[in-house]
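Input: a single structure, listed below in structure tokens.
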Amino acid sequence: MNKHEEDIKKARRKSTQAGDDLMHNVDLYNRAQSKWFEEMVTTSLELERLEVERVEMIRQDLRQFTTLRHETDMFNQSTVEPVDQLLQSVDPAKDRELWVQEHKTGDLRPVDMDI
């Protein structure tokens, strides 16, 4: 009987120890889960904040680009308009006549040569 009682006591000690170990591990798990959840929420909120910041920065940069592009187009249009008006007034025949008057080489026209 002594052997049996010792085995039972030994089994109870092991069972109690296993129960204590289980409770300790459950406590560790619960703390780890709580910490993970807290860090996950904090990290998710930070990532969301950074994403909003990123999108806002891209929006501002693109708005600045479109504004500058519009201003540049308006400047180019105002610069090109006078040139376009001058080009419409160009007369090729009159242009050739003015060039000949400014750069003529003489009053005699060339004639065929007899050899």
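The values are calculated or read from the model by the stated rules, or taken from the named source; none is laboratory data. Everything numeric here is computed off the predicted structure, so don't read it as measured data. FYI the Cβ positions are ideal-geometry reconstructions off the backbone, even for glycines, and counts take in every protein chain you see. Ligands, DNA and RNA are stripped out before the accessible areas are found, and what is left, the full protein with its side chains, is counted by its heavy atoms. Shrake-Rupley method; radii C 1.70, N 1.55, O 1.52, S 1.80 Å.
Scanning segment 81-113 for residues that are modelled with pLDDT under 85, basic (Lys, Arg) and surrounded by 10 or more Cβ atoms within 10 Å (Cβ to Cβ) gives a single hit, Arg96.
Any residue at all in segment 58-80 that's open to solvent by 80 Å² or more (accessible area, probe 1.4 Å), at pLDDT 85 or above and outside any helix (DSSP H, G or I)? No, segment 58-80 contains no residue that is open to solvent by 80 Å² or more (accessible area, probe 1.4 Å), at pLDDT 85 or above and outside any helix (DSSP H, G or I).
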